[in-house]
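Undergrad: Encoded as structure tokens, here's the structure I'll be asking about.
The values are calculated or read from the model by the stated rules, or taken from the named source; none is laboratory data. As the structure is a computational prediction, the values presented were derived from the model and not from experiment. As a convention, Cβ positions derive from the backbone with ideal geometry for all residues, glycine included, and neighbour counts pool all protein chains shown.
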Amino acid sequence: MDSGILLFGLFFLFLLINVPIITAIGIPSLLFLWYFNLGIQVTAANIYANIAKFPLLAIPFFILAGFIMDKVGLSRGLVRFLNLLIGPVTGGLGLVTVAGCVLFGAISGTGPADTAAIGTVMIPAMVKRGYNIGFAAALVAAAATTDVLIPPSVAFVVFGVITEASIPRLFAAGVVPGLLMGLALIAPVWWISRKNGWGGDRWGTWAEIGQAAWEAKWGLMAPVIILGGIYGGIFTPTEAAVIAVVYGILFGVAVERNFGWQDLYETLRGAAVSTSVVMIVVAFAGLFSWTGSTMGVMDRVTKGLLGLTQNPIIILLLLNVMLIIAGMLLDAISIYYVFLPIFLPLMKQFHWDPVWFGVMMTVNLAIGTITPPVAVNLYVASNISGASMNEVSRWVMPFFVALVAALLLVTYIPALSLWLPDLLGVK
Amino acid sequence: MVLVLAVMTMVAFINVVTRYFIRFSLAFTEEIVVSLFVWLTLLGTAVAFRQGSHLGFSFLVDRCPKSVQRTAIWLAALLGIVLFAFLIYFGIGQIQSERQLGTTSESLAIPQWWYTAGIPVFGLLIIVRIVEGAIAADRKVRS
């Protein structure tokens with residue numbers, strides 16, 4: 001039997017019996033490094049080197065920034081402003097949720113953080129207005145997938161580190177697809193809300209809107225500083241993340257006056273654990289990736305794919321189907337490490353732009369955060385709302401379909417991704 | 001863990017400020033922050049094992065009888081212990097070779113093994129937390 005089938009098979013088997021991903025991916029790697037004598041002695045050095053990369057430092061800082069911005073309530077001002085602006089139309093609160101998630105996405109770097117920040121405000125608001133609680137939770141989870149594309153994005157940092165694609169360019173390339181995903185969600189929101197007669201509050205007067213915008217200015221300023229800093233060539237993404245942390249703390253201490261030592265401790269603690277859960281996967285999935293490549297397994301899978309068809313359009317479709325299925329079982333970071341060694345030779349062969357490819361893959365993996373059974377966004381939304389996972393999973397279906405439509409557009413129209421970075425001249 | 005992240009953030013912030021205002025990048029800060037990052041990851045991993053918050057696929061096992069669930073918990077714990085025991089073992093090997101070769105870090109030129117020492121030390125902590133986490137999960141299933 002092909003040793004590769006055994007490597008992947010063992011990983012998959014462990015996964016099915018609820019062995020944590022790091023163990024499930026780590027044990028087969030060690031076993032094969034030992035059995036094929038590939039240099040198991042370097043395991044510790046490999047694990048160390050997988051984590052100790054400067055660009056990856058953006059991850060803890062963006063996660064910490066997300067925790068702080070959530071704690072100090074930066075999302076509340078944004079939501080109040082959006083609600084006065086577009087709230088009263090059919091499905092209005094649903095649309096506010098979508099827009100809120102997109103805006104908060106420009107501050108935070110991960111989908112679950114977005115789900116939590118917007119969800120804690122919008123799910124109770126929607127339920128109060130008569131929206132179904134399962135719908136509300138599913139919508140927040142689906143809208144928060146845009147956060148993965150809207151810069152800053154932890155996923156793009158990891159993709160950039162693996163493929164050596166430019167992280168600022170990836171960030172810029174994610175903007176249009178992220179907005180597109182948000183737009184795609186409007187149709188099901190409007191349609192379902194119309195059927196059920198769900199609306200919003202009254203229209204805001206211009207004076208009220210102006211005032212709410214002024215009150216939300218600190219929230220609206222955050223993305224300007226973070227992204228402006230990166231594209232103005234002032235900060236690297238890692239530095240921008242540090243600035244975002246300091247900005248959030250200053251906002252909490254000086255403006256809202258709701259951020260004390262206890263809050264600092266709690267946000268640091270929460271961010272440290274969240275970071276570690278991501279980074280230890282980076283470490284061990286990196287080991288797996290290295291093992292698989294050294295054994296030549298990844299090459300064989302690539303050749304197998306090319307043996308099926310040489311048509312790039314069909315290959316892209318195949319890749320997306322593979323990724324959607326993988327997204328149901330695995331988190332995005334593991335998928336990058338496991339699949340990218342397989343995809344990189346394809347990218348070379350078909351002369352695919354790595355940045356566009358990264359965006360396509362990331363849209364797909366963002367969708368993976370709402371496809372059960374493994375679906376972090378749904379899990380967070382279910383926790384916040386109190387609706388069961390089953391109920392949330394049922395309501396998420398129309399949003400899933402809408403996001404897949406956006407995925408197809410991003411897949412087959414590379415200009416959607418590459419237009420903005422080219423316009424900005426980001427290298 | 002909280003302290004490690006706090007120090008990392010502060011050092012990184014100071015570096016941004018100095019680089020921007022006095023156009024002077026403190027190269028050694030990068031080394032410190034990156035090394036602390038490894039420690040942070042290992043410390044946080046230990047906490048996450050205790051809380052049971054590592055990513056996993058619980059869908060199938062949750063639908064099995066309690067005896068199966070308990071077996072799965074202890075099997076996962078056992079595999080986790082084996083994994084980190086190996087990591088500790090190879091970490092110690094790494095330290096020995098670094099001491100023999102007298103490897104020093106790139107910018108601060110302090111012995112590299114000071115950083116590497118985090119792997120066996122925190123690895124041991126992780127194993128303790130794996131056991132604690134398994135006991136807690138087991139108790140939850142039984143009750």
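Undergrad: What are the residues in the stretch B:13-56 that are farther than 16 Å from B:Y115 by Cβ, within 7 Å of another protein chain (Cβ to nearest Cβ) and small (G, A, S), if any?
TA: Within the stretch B:13-56, B:G44, B:A48, B:S53, B:G56 qualify.
Undergrad: Shifting gears a bit: Hydrophobic (A, V, I, L, M, F, W, C), out of contact with any Lys or Arg (no Cβ under 8 Å at 6 or more places or on another chain), farther than 30 Å from A:G130 by Cβ and crowded, with 18+ Cβ neighbours inside 10 Å: which single residue out of A:A184, A:A254, A:A272 fits that description?
TA: Step by step, each of A:A184, A:A254, A:A272 is checked, and only A:A272 is hydrophobic (A, V, I, L, M, F, W, C), out of contact with any Lys or Arg (no Cβ under 8 Å at 6 or more places or on another chain), farther than 30 Å from A:G130 by Cβ and crowded, with 18+ Cβ neighbours inside 10 Å.
Undergrad: If I filter the stretch A:36-56 for residues that are closer than 21 Å to A:A244 by Cα and surrounded by 23 or more Cβ atoms within 10 Å (Cβ to Cβ), do I get at least one hit?
TA: yes
Undergrad: While we're here: Out of the residues in the stretch B:85-105 that are of a type in the set (S, T, Y) and more than 9 Å from chain A (Cβ to nearest Cβ), state the one that is nearest to the chain's Cα centre (by Cα).
TA: It comes out as B:S105.
The rows are residues; the columns are (1) under 30 Å from B:V7 (Cβ atoms); (2) hydrophobic (A, V, I, L, M, F, W, C).
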{"position": "A:G210", "(1), (2)": "no, no"}
{"position": "A:W214", "(1), (2)": "no, yes"}
{"position": "A:L220", "(1), (2)": "no, yes"}
{"position": "A:G229", "(1), (2)": "yes, no"}
{"position": "A:P237", "(1), (2)": "yes, no"}
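Undergrad: Restricting the stretch A:143-153 to residues that are part of a loop (DSSP other than H, G, I, E, B) and of a type in the set (A, V, I, L, M), which is surrounded by the fewest Cβ atoms within 10 Å (Cβ to Cβ)?
TA: It comes out as A:I150.
Undergrad: Consider B:Q112 against the criteria (1) of a type outside the set (S, T, Y); (2) buried (at least 19 other Cβ atoms within 10 Å of the Cβ); (3) within 9 Å of another protein chain (Cβ to nearest Cβ): it satisfies all of them except one. Which criterion is unmet?
TA: (3)
Undergrad: Still on this structure, please answer the following. Cβ-Cβ distance below 9 Å, separation of 6 or more or different chains: which pairs start in the stretch A:400-414 with a residue that is under 15 Å from A:F350 (Cα atoms) and end on one that is assigned to a helix (DSSP H, G or I) and of a type in the set (F, W, Y)?
TA: Here the result reads A:P414/A:W356; A:P414/A:F357, each pair linking the stretch A:400-414 to a residue that is assigned to a helix (DSSP H, G or I) and of a type in the set (F, W, Y).
Undergrad: One residue is enough: does the stretch A:282-293 have a residue meeting the conditions farther than 27 Å from B:W39 by Cα and either aliphatic (A, V, I, L, M) or not in a helix (DSSP H, G or I) (or both)?
TA: no
Undergrad: Based on what the data block shows, is A:N377 at pLDDT below 95 and surrounded by fewer than 16 Cβ atoms within 10 Å (Cβ to Cβ)?
TA: no
Undergrad: For the subset of the stretch A:326-370 comprising residues that are within 14 Å of another protein chain (Cβ to nearest Cβ), of a type outside the set (A, V, I, L, M) and part of a loop (DSSP other than H, G, I, E, B), which member is nearest to A:W419 (Cα to Cα)?
TA: A:T369
Undergrad: With the condition kept exactly as written, say whether any residue in the stretch B:52-62 is in contact (Cβ under 8 Å) with a residue 24 or more places away in the chain, out of contact with any strand residue (DSSP E or B) (no Cβ under 7 Å at 6 or more places or on another chain) and surrounded by 17 or more Cβ atoms within 10 Å (Cβ to Cβ).
TA: Scanning the stretch B:52-62, I find no residue that is in contact (Cβ under 8 Å) with a residue 24 or more places away in the chain, out of contact with any strand residue (DSSP E or B) (no Cβ under 7 Å at 6 or more places or on another chain) and surrounded by 17 or more Cβ atoms within 10 Å (Cβ to Cβ), so the answer is no.
Undergrad: Among helices (runs of 4 or more DSSP H) lying entirely in the stretch A:24-142, which contain 1 or more residues that are more than 30 Å from B:A72 (Cβ to Cβ) and more than 10 Å from chain B (Cβ to nearest Cβ)?
TA: Those helices (runs of 4 or more DSSP H) span A:58-71, A:74-86, A:92-105, A:111-128.
Undergrad: Looking at this structure, is A:S274 in contact with a Phe, Trp or Tyr (Cβ under 8 Å, 6 or more places away or on another chain) and not hydrophobic (A, V, I, L, M, F, W, C)?
TA: It is true that A:S274 is in contact with a Phe, Trp or Tyr (Cβ under 8 Å, 6 or more places away or on another chain) and not hydrophobic (A, V, I, L, M, F, W, C).
One line per residue, one yes/no per condition, for (1) of a type in the set (D, E); (2) modelled with pLDDT of 90 or more; (3) touching a His at 6+ places or on another chain (Cβ under 8 Å); (4) within 19 Å of A:F61 (Cα to Cα):
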| site | (1), (2), (3), (4) |
| --- | --- |
| A:P168 | no, yes, no, yes |
| A:I209 | no, no, no, no |
| A:G229 | no, no, no, yes |
| A:E239 | yes, no, no, yes |
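Undergrad: Sort out which residues of the stretch B:92-102 are farther than 14 Å from A:A52 by Cβ and either out of contact with any Ser or Thr (no Cβ under 8 Å at 6 or more places or on another chain) or not acidic (D, E) (or both), and write them in order of number.
TA: Listed by number, the residues that qualify are B:I92, B:G93, B:I95, B:Q96, B:S97, B:R99, B:Q100, B:L101, B:G102.
Undergrad: Can you find a residue in the stretch A:305-318 that is assigned to a helix (DSSP H, G or I), closer than 22 Å to B:S53 by Cα and in contact (Cβ under 8 Å) with a residue 40 or more places away in the chain?
TA: no
Undergrad: Give just the number: which of (1) within 30 Å of B:V16 (Cβ to Cβ); (2) surrounded by fewer than 14 Cβ atoms within 10 Å (Cβ to Cβ) does A:R202 not satisfy?
TA: For A:R202, the failing item is (1).
Undergrad: Sort through A:I249, A:I280, A:I230 and tell me the only one that's crowded, with 17+ Cβ neighbours inside 10 Å, away from chain B (no Cβ under 12 Å), in contact (Cβ under 8 Å) with a residue 40 or more places away in the chain and not small (G, A, S).
TA: The match here is A:I230.
Undergrad: On the given criteria, is A:G160 part of a helix (DSSP H, G or I), at pLDDT 90 or above, within 30 Å of B:W113 (Cα to Cα) and of a type outside the set (D, E)?
TA: Against the criterion (part of a helix (DSSP H, G or I), at pLDDT 90 or above, within 30 Å of B:W113 (Cα to Cα) and of a type outside the set (D, E)), A:G160 qualifies.
Undergrad: Looking only at the stretch B:17-36, decide whether some residue is under 22 Å from B:I127 (Cα atoms), of a type outside the set (S, T, N, Q) and crowded, with 19+ Cβ neighbours inside 10 Å.
TA: Yes, the conditions are met somewhere in the stretch B:17-36.
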